[in-house]
Amino acid sequence: MNIEEYITTLTEQIRFKQARSGVAQEIRNHISDQTQAFEQNGMEHEKAVEMAVREMGDPVEAGVALDRIHRPQFDWRLFMITVLFSAAGVFIMYATGALGGESSQLIRQCFFTSLGIGIIVLICFADYTFIGKYALQIYLIMTAAFYVYQNTGITVNGIVPALRSIVYLYVPVYAGLLYKYRGEKISNLMKSFVFLLFTTFFSQRFASSLFIGLGIGTICTLLFLYAIVKDWFQVRGKRIKAFIAVFALMLAVFAVYILCFAGDYQKMRILAFLHPEEYMDANYQLMAVRHAMNGAQIIGESTEGMIIKQFVQQDTFLIFGQVVAMYGFIAGATVIAAFGAVVYSALHVVRRQKNQLGMILSAACFLLIVFNCTTGIFMNFGLLPLGSPQFPFLCRGGSGTVMYAVIIGLLMSCNRYSCIQINHFNSKKKC
């Protein structure tokens, strides 16, 4: 049996077709190395090849063993956490009045939740590498779609509420752009930085939210800094300088944007947070949250429990505060523990990655979840100026539910194919 016949028979036993080319290349390299070793001992080439192939063992048995290694794994733990917490989230939103107490709203939210679970499964079984392969095209299509929807979608108080959730999908797409532009050329580094600025600007523009724009900009900056540390742009010993330069530039960009381009009401919110007594009219939501938290009990309703219910009916970003106000700190701690379980599961996926694209993409999803959970909790305790964080599983309506479905689906897809090392789109190696 020659080399190609052996490899063909072996790879036919591997059901996961995407792993076959990588396994074939690895087996071919191993046979080549062993052939050279035999030739160095004085063996003729043809005999050396025959012996090297024979030492590999039975191709069917070897292929079956490799099939077990390269079989994609469905992340049942993360999936069951998602299903359980999705159901709990619907119950919490209904119990706190975030759904308006109407059965029609409850049915509507159940529909979106079921749709989200379906999207998770669909994306999980898709090959996440398409994001790295078509990152630029996806970015441009998303931006055009967001622009059209902003000008044609349903507006509330001058904004399109759905975009406040959907724009977070810029984060994994930007991770794909970083992967796409890795390389030695300084132009690749500059392209990644320019897209970082565009992403920050577009996010704020489409979401009509300074908090969301700066939040997405911060997450993407962390991803960019990670790429520099991992020497994706091969700046030849200047990684530390590049890291400091990008970090300083983004701080300057954020500061200039706040000072020069933020709306008056956005600046007012910051001043109201720093000097609450002097800006009572602009600070009523923040003061209501603080009053509710100050009156919260260990178990049971806060003395100020109903004061923020009206805000929860308008936007669910204060729903954690409403849970604490209505049911006490124990209930709030339970919600935090649930968020912690989701964050830990996402971190587990990140740590399992053996390839660059899986690492940067799962890290993007992980950072997005961490950012929204942490800033949201701090805001609900009155420790940050109020923005519009999107809690996982506690998003009313379809946009937030779908956004997190995509994020969790991508995490599960990364985990499903984590045994396949993908450093290039046409080269996949065994773990």
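The values are calculated or read from the model by the stated rules, or taken from the named source; none is laboratory data. This structure is a prediction, so every number in the text was calculated from the model and none was measured. Positions of Cβ are generated from backbone atoms using ideal geometry, with glycine treated the same way; all protein chains shown enter the neighbour counts. We work out accessible area using only protein heavy atoms, side chains counted, and drop any ligands, DNA or RNA first. Shrake-Rupley method; radii C 1.70, N 1.55, O 1.52, S 1.80 Å.
At-a-glance table
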quantity: Of the criteria (1) open to solvent by 60 Å² or more (accessible area, probe 1.4 Å); (2) under 16 Å from Pro392 (Cβ atoms); (3) in contact (Cβ under 8 Å) with a residue 60 or more places away in the chain, which one Arg352 fails; calculated: (2)
quantity: Matching residues in segment 144-180 - criterion: being open to solvent by 20 Å² or more (accessible area, probe 1.4 Å) and under 19 Å from the mean Cα position of the chain (by Cα); calculated: Ala162, Arg164, Ile166, Leu169, Lys180
quantity: Sole exception among (1) surrounded by 18 or more Cβ atoms within 10 Å (Cβ to Cβ); (2) under 23 Å from Phe317 (Cα atoms); (3) more than 20 Å from the chain's Cα centre (by Cα) for Leu189, by number; calculated: (2)
quantity: Condition met for Ala405 (open to solvent by less than 40 Å² (accessible area, probe 1.4 Å) and at pLDDT 90 or above); calculated: yes
quantity: Residue list for segment 43-94, filter: under 29 Å from the mean Cα position of the chain (by Cα), free of Cβ contacts under 8 Å to residues at least 24 places away in the same chain and surrounded by 14 or more Cβ atoms within 10 Å (Cβ to Cβ); calculated: Val90, Tyr94
quantity: Meets criteria (closer than 25 Å to Met250 by Cα, surrounded by fewer than 17 Cβ atoms within 10 Å (Cβ to Cβ) and not aromatic (Phe, Trp, Tyr)) for Leu140; calculated: yes
quantity: Tally of residues being surrounded by fewer than 23 Cβ atoms within 10 Å (Cβ to Cβ), touching a residue at least 12 places away in the same chain (Cβ under 8 Å) and not in a helix (DSSP H, G or I) across segment 361-390; calculated: 7
quantity: Set Ile216, Ile228: member being part of a helix (DSSP H, G or I), modelled with pLDDT of 90 or more and of a type in the set (A, V, I, L, M); calculated: Ile216
quantity: Residue that is modelled with the lowest pLDDT [pool: residues in segment 5-42 that are open to solvent by less than 60 Å² (accessible area, probe 1.4 Å) and among the polar types (S, T, N, Q)]; calculated: Gln18
quantity: Single unsatisfied condition, Gly183 versus (1) open to solvent by 30 Å² or more (accessible area, probe 1.4 Å); (2) at pLDDT below 90; (3) not β-branched (Val, Ile, Thr); calculated: (1)
quantity: Ala331 vs. criteria of a type in the set (A, V, I, L, M, F, W, C) and farther than 16 Å from Tyr417 by Cβ; calculated: yes
quantity: Among residues of segment 148-180, those that are among the β-branched types (Val, Ile, Thr) and either at positive phi or modelled with pLDDT under 90 (or both), counted; calculated: 6
quantity: Matching helices (runs of 4 or more DSSP H) fully within segment 135-212 where at least 3 residues are free of Cβ contacts under 8 Å to residues at least 24 places away in the same chain and closer than 24 Å to Ala363 by Cβ; calculated: 135-152, 186-207
quantity: Hey, Gln109 under 23 Å from Ile407 (Cα atoms), within 24 Å of the chain's Cα centre (by Cα), of a type in the set (S, T, N, Q) and open to solvent by 80 Å² or more (accessible area, probe 1.4 Å) or not; calculated: no
quantity: Filter pass, Arg236 being farther than 19 Å from Gly176 by Cβ, of a type in the set (Lys, Arg), open to solvent by 10 Å² or more (accessible area, probe 1.4 Å) and modelled with pLDDT of 80 or more; calculated: no
